[in-house]
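Colleague: Got a structure for you, written out below as structure tokens; questions coming shortly.
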Amino acid sequence: MASRFLLLLLLLSLLLIGNCIEEDETTTIKTTMEQFSGYPAADPSQEIHSIPVDSLALQQQIDELSTFSDSAAPSVTRILYSDNDVVARRFIKNLMGRAGLSVREDAVGNIFGRWEGSEPDAPAVSTGSHIDAIPYSGKYDGVVGVLGAIEAINVLNRSGFKPKRSLEVIMFTSEEPTRYGISCLGSRLLAGSVSLAKALTQTVDNANISFLDAAKSAGYAENEDFSSVFLDEKSYSAFVELHIEQGPILENEGISIGIVTAIAAPASIKVGFGGNGGHAGAVLMPQRNDAGLAAAELALAVEKHVLESGSVDTVGTVGILEVHPGAINSIPSRSHIEIDTRDIDEKRRNTVIEKVHESAVSISKRRGVDLLEFKIVNQDPPALSDDSVINAMESAAQLLGLSHKKMISRAYHDSLFMARKAPMGMIFIPCYKGYSHKPEEYASPEDIAKGVKVLALTLAKLSINS
Ligand SMILES: *[C@@H]1O[C@H](CO)[C@@H](O)[C@H](O)[C@H]1NC(C)=O
Ligand SMILES: *[C@@H]1O[C@H](CO)[C@@H](O)[C@H](O)[C@H]1NC(C)=O
Ligand SMILES: [Zn+2]
């Protein structure tokens with residue numbers, strides 16, 4: 001009897017302790033925030049009393065933004081400088097204004113919302129992502145990192161926080177390559193890509209509409225000198241991007257927050273082979289030089305060289321393999337393959353590219369086909385997150401009592417390019433089954449709120465401490 005009573009007492013007290021932690025959340029964060037920010041407790045303006053994310057409003061904004069789409073719900077299609085993109089941009093600027101941020105845009109339509117700190121001349125702490133959406137995709141990719149960033153500002157403001165370094169929310173133009181074939185267009189330019197600034201004045205889309213005309217129709221490119229977009233070296237002391245994981249790891253492991261330590265970067269290669277072709281019956285095997293088989297052999301060589309790297313982080317894909325003329329009774333006279341290879345280690349990835357090139361040459365010799373083309377279309381270097389940002393993200397997650405793990409981003413993001421201009425970090429949140437770039441893409445309001453809290457505390461720390 002007595003032991004049962006004791007057990008009951010123990011359970012009750014456990015329950016009470018549990019409740020206490022719940023109710024006391026605000027005070028817990030307040031006191032720890034004092035240590036966290038390193039600010040003297042005597043300065044009440046620097047205390048963060050709670051992290052009150054308005055999940056309802058944030059979800060409504062995500063839902064409303066998804067209606068600015070060229071395809072029917074639940075899918076989202078929002079292409080650079082389209083009417084829906086322009087309306088969506090207005091929506092973002094309006095939200096930034098309502099959060100009290102001062103809004104500025106550059107020549108390609110990167111949008112900046114700034115909260116001036118007490119040290120306005122010091123490099124600012126920036127955060128942001130994109131809102132363009134590939135055809136028939138979902139409503140969370142990128143969006144969580146823009147609307148979530150504005151909500152993080154609201155959270156900090158509601159908590160009475162006053163930034164030391166200024167805070168800036170950035171909406172990047174055209175992270176997706178849909179219209180002009182250039183991914184991360186806005187952040188690439190911010191990072192100072194001279195070749196892109198030049199190319200943009202010559203670029204047209206599939207409908208032969210020039211980038212310049214499209215940008216002007218959306219209200220940009222008044223200044224046709226796109227090097228005006230380049231960031232000054234001292235613009236930002238840090239950049240943090242909140243994003244859905246776009247993979248299944250966090251959900252599978254039941255972890256709330258992913259702390260990204262590196263972003264893998266792709267290289268893409270186009271290869272073409274040419275042979276004599278001929279009749280599938282008349283030309284005997286020893287007389288053939290089959291361009292299709294050369295492509296098939298190269299596809300297998302890509303797999304072999306990727307596996308030889310010995311790291312799971314090296315990947316390679318042949319996503320396009322075309323043969324000409326493409327008839328069952330005709331030996332392929334031309335073939336075209338496109339290869340995507342990625343790694344977080346640039347040297348290792350470039351070794352794969354070299355080996356693939358060697359294979360292409362030796363296959364063409366052995367099979368007597370011409371190597372018509374071996375073109376490295378792009379070869380972006382991968383990026384590592386900065387320890388200062390990793391530490392800020394980690395201690396934010398710890399303070400909030402959220403489970404977290406370090407991980408690698410295998411998709412690439414505007415952060416890859418921002419890393420060239422500022423110490424960078426990324427916060428991942430789980431998404432349903434890892435789905436992305438399709439209508440089923442989903443992240444729960446609870447998971448988004450956790451990401452926003454971690455982002456808010458990370459920004460606060462970087463604004464005050466670094
Ligand atoms: C913060 O809140 C105050 C009071 O509601 C508001 O006037 C201000 O615009 C908000 N935003 C910023 C960035 O100060
Ligand atoms: C694209 O537009 C340019 C300029 O208007 C024109 O000179 C060119 O012929 C067009 N090309 C095609 C393929 O329509
Ligand atoms: Zn994205």
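The values are calculated or read from the model by the stated rules, or taken from the named source; none is laboratory data. Keep in mind that this is a model prediction, so the values were computed, not measured. Cβ atoms come from the backbone with ideal geometry, glycine included; neighbour counts cover every protein chain shown. Areas reflect the complete protein model, heavy atoms only, side chains present, ligands, DNA and RNA absent. Shrake-Rupley method; radii C 1.70, N 1.55, O 1.52, S 1.80 Å.
Colleague: Placing +1 on the Cβ of each Lys and Arg and -1 on the Cβ of each Asp and Glu in the stretch 303-388, which of 362, 311, 377 has its Cα farthest towards the positive end of the resulting dipole?
Modeller: Positive-most Cα among the choices belongs to 362.
Colleague: Same structure, new question: Take every Cα pair under 8 Å in the chain that's 6+ residues apart, average their separations, divide by the length, and report that relative contact order as a whole percent. Write down the numbers at each step before the final one.
Modeller: On the way: 1003 pairs, mean separation 98.5, N = 466.
Reported relative contact order: 21 percent.
Colleague: Let me ask something else about it. Over all pairs of distinct alpha carbons, what does the Kirkwood formula give as the hydrodynamic radius of the chain, in Å?
Modeller: Result for the chain stands at 24.3 Å.
Colleague: Got a number for carbon plus sulfur as a percent of the chain's accessible area, 1.4 Å probe?
Modeller: 54
Colleague: Return the FRET efficiency for the residue pair residue 376, residue 223: r is the Cβ-Cβ distance, R0 is 22 Å, and the value is rounded to the nearest 0.05. Intermediate results must be reported in sequence, preceding the final value.
Modeller: On the way: r = 32 Å, r/R0 = 1.44.
Efficiency at R0 = 22 Å is approximately 0.10.
Colleague: Given N residues in the stretch 92-218, what is its alpha carbon radius of gyration divided by 2.2 N^0.38 Å?
Modeller: Output field value: 1.16.
Colleague: Out of all Cα-Cα pairs in the stretch 266-379, roughly what percent, to the nearest whole number, are more than 18 Å apart?
Modeller: 48
Colleague: How large is the dipole of the stretch 266-379 about the Cα centre if only Lys and Arg carry +1 and Asp and Glu carry -1, each at its Cβ, rounded to the nearest 20 debye?
Modeller: 300
Colleague: Nearest 10 degrees, 0 to 90: what angle lies between the long axis of helix 291-308 and the longest principal axis of the chain (Cα atoms)?
Modeller: Here the helix axis deviates by roughly 40 degrees.
Colleague: Another question about this same structure. Using the Cα centre as the reference, give the magnitude of the dipole from point charges on the C-beta atoms of the stretch 339-428 (Lys, Arg: +1; Asp, Glu: -1; all else neutral), rounded to the nearest 20 debye.
Modeller: Dipole magnitude for the stretch 339-428 comes out near 320 debye.
Colleague: For the pair residue 329 and residue 357, what calculated FRET efficiency results from E = 1/(1 + (r/R0)^6), where r is the Cβ-Cβ distance and R0 = 35 Å, to the nearest 0.05?
Modeller: Details: r = 33 Å, r/R0 = 0.94.
Calculated transfer efficiency: 0.60.
Colleague: Give the accessible surface of the stretch 266-379 per residue, rounded to a whole number of Å², with probe radius 1.4 Å and ligands, DNA and RNA excluded. Present the calculation step by step, with values, prior to reporting the outcome.
Modeller: Values: 6080 Å² over 114 residues.
Averaged over the residues of the stretch 266-379, the accessible area is 53 Å².
Colleague: Now for a separate question. In terms of solvent-accessible area of protein heavy atoms at a 1.4 angstrom probe, what is the ranking of 305, 279, 404, 357, highest value first?
Modeller: 279, 357, 404, 305
Colleague: Kindly express, to the nearest 10 degrees and within the range 0 to 90, the angle between helix 55-66's C-alpha long axis and the longest C-alpha principal axis of the chain.
Modeller: 30
Colleague: Tell me the label-point distance for the pair residue 94, residue 67, using the 7 Å Cα-to-Cβ offset, in nm and rounded to one decimal.
Modeller: 1.0
Colleague: Let me ask something else. With a Förster radius of 22 Å, plug the Cβ-Cβ distance of residue 403 and residue 444 into 1/(1 + (r/R0)^6) and report the FRET value to the nearest 0.05.
Modeller: 0.90
Colleague: Among 450-457, 130-137, 112-119, what's the highest-first ranking by average C-beta atoms within 10 angstrom per residue? Mind dumping the intermediate values first?
Modeller: Values: 450-457: 28.2, 130-137: 23.8, 112-119: 18.4.
In decreasing order of mean packing, 450-457, 130-137, 112-119 become 450-457, 130-137, 112-119.
Colleague: Among 463, 443, 206, pick out the residue whose Cα is farthest towards the positive end of the charge dipole of the chain, where Lys and Arg carry +1 and Asp and Glu carry -1 on C-beta, about the Cα centre.
Modeller: 206
Colleague: Please tell me which of these pairs span more than 24 angstrom C-alpha to C-alpha: 198/355; 304/405; 162/405; 139/164; 198/421; 405/461?
Modeller: 198/355; 304/405; 162/405; 139/164
Colleague: Here's another thing I want to ask about it. Within the stretch 232-260, whose backbone N sits under 16 Å from a point 7 Å along Cα→Cβ of residue 437?
Modeller: Residues passing the 16 Å test: 244-248.
Colleague: Highest mean first, how do 75-84, 316-325 rank when packing is the count of other Cβ atoms within 10 Å averaged over residues?
Modeller: 75-84, 316-325
Colleague: Can you give the angle from 0 to 90° between the axis of helix 445-465 and the longest principal axis of the chain, with both taken from C-alpha atoms, to the nearest 10?
Modeller: Once rounded, one gets 80 degrees.
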